[in-house]
1. At q = 0.11, 0.16 Å⁻¹, work out log10 I(q)/I(0) for the stretch 97-202 with the Debye formula, treating every Cα as an identical point scatterer and leaving solvent out; two decimals please.
2. How tilted is helix 201-211 with respect to the longest principal axis of the chain? Cα atoms for both, answer in degrees (0 to 90, nearest 10).
3. Add +1 for every Lys or Arg and -1 for every Asp or Glu among the other residues with Cβ under 9 Å from the Cβ of GLU150, and state the total.
4. Kirkwood Rh over Cα pairs of the stretch 94-150 into Stokes-Einstein at 10 °C, 1.306 mPa s: D in µm²/s?
5. Antiparallel DSSP bridges in the stretch 1-89: what percent, to the nearest 5?
6. May I ask what percent, to the nearest 5, of DSSP beta bridges between residues of the chain are antiparallel?
7. How about LYS113: which lysines have a C-alpha closer than 27 Å to its C-alpha, ignoring those fewer than 8 places off in the same chain?
8. Per residue of the chain, what 222 nm ellipticity follows from adding -39500 (n - 2.57) for every DSSP H run with n ≥ 4, rounded to the nearest 500?
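The values are calculated or read from the model by the stated rules, or taken from the named source; none is laboratory data. Keep in mind that this is a model prediction, so the values were computed, not measured. Every residue, glycine as well, gets a Cβ built from its backbone with ideal geometry; the counts of neighbours run over all protein chains shown. To get the accessible areas, we keep the full protein, side chains included, count just its heavy atoms, and leave off ligands, DNA and RNA. Shrake-Rupley method; radii C 1.70, N 1.55, O 1.52, S 1.80 Å.
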Amino acid sequence: ATLEYAGYYTMKLNEKLRVISLNTQYGDDINFFLLLAETDPGNQLQWLNETLWESAENDETLWILGHIPTNNHFAYPKYAQMVLDILQPHAHRIGGFFTGHVHTDGISVALDKETEEPWLVQYVSPSVTSFTHLNPSYRVYDMDSGNHVEDYKQYVTNITAANLEDKAPWILEYSARDSYQLPDMSPASWAVFAREIFTNDDLFDLYYKHYYTSSPFVEIFACHQGPCRQKLVCGTLAGTQNETAQCMHDLAAW
């Protein structure tokens, strides 16, 4: 009923696992009605809050699905922040928050506004299309016994080789845990990684290579320094685009 009404829904996969799929287009910054009045289109935020607290009574693990990441420049910051504020009390039950939209490969770690402690990771998957200047890519998540993300493996097919050889085999591009030397996939571990790519050139280059799915355009786009790099690394430690902008301002002031 909610899917037909407003494009969002929830369903239980088993007794202790619930999927919540959000209609992130309501928070798209081209939804100019949000600029006129910061309302709750489709009553989605009210529904999300009620659904989360109902699921808490049964101690369910949550998989959150969405299209636009909350830190993306297409996500209206105040709406994105309202979503995060509703999710935060349930952070310990979020087994994974999965988004896409940008076609590139990245993460977004949300920090508590008062303590700056990391509490949420958004996994932003790249696209299975080559739009734009990318190798097609798909991702497989490994979940632990508690239905939390334990690792993910990213697969790509090399467009250049496919055109030369007339076939497009899928190959393993990387494993998150192995490639980034993560002890686990917790928000704390990803926050350590995110802070390190601010200054560790080798680690940043690896992240940037994966960001463009090992496409040859990695070198053409040349985002290894300056505002381009600052925006990319700041986005990994930002829950909304306002936080990305603040981080870039702080870096410029150093």
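1. Reported log10 I(q)/I(0), two decimals: -0.41, -0.80.
2. 70
3. Details: positive: ARG177; negative: ASP142, ASP144, ASP151, ASP184.
Net charge around GLU150: -3.
4. 124
5. Expressed as a percentage, antiparallel bridges in the stretch 1-89 total about 55.
6. Rounded to the nearest five, the antiparallel share is 65 percent.
7. Within the straight-line cut-off, LYS113 pairs with LYS78, LYS231.
8. Calculated at 222 nm, the ellipticity per residue is -10500 deg cm²/dmol.
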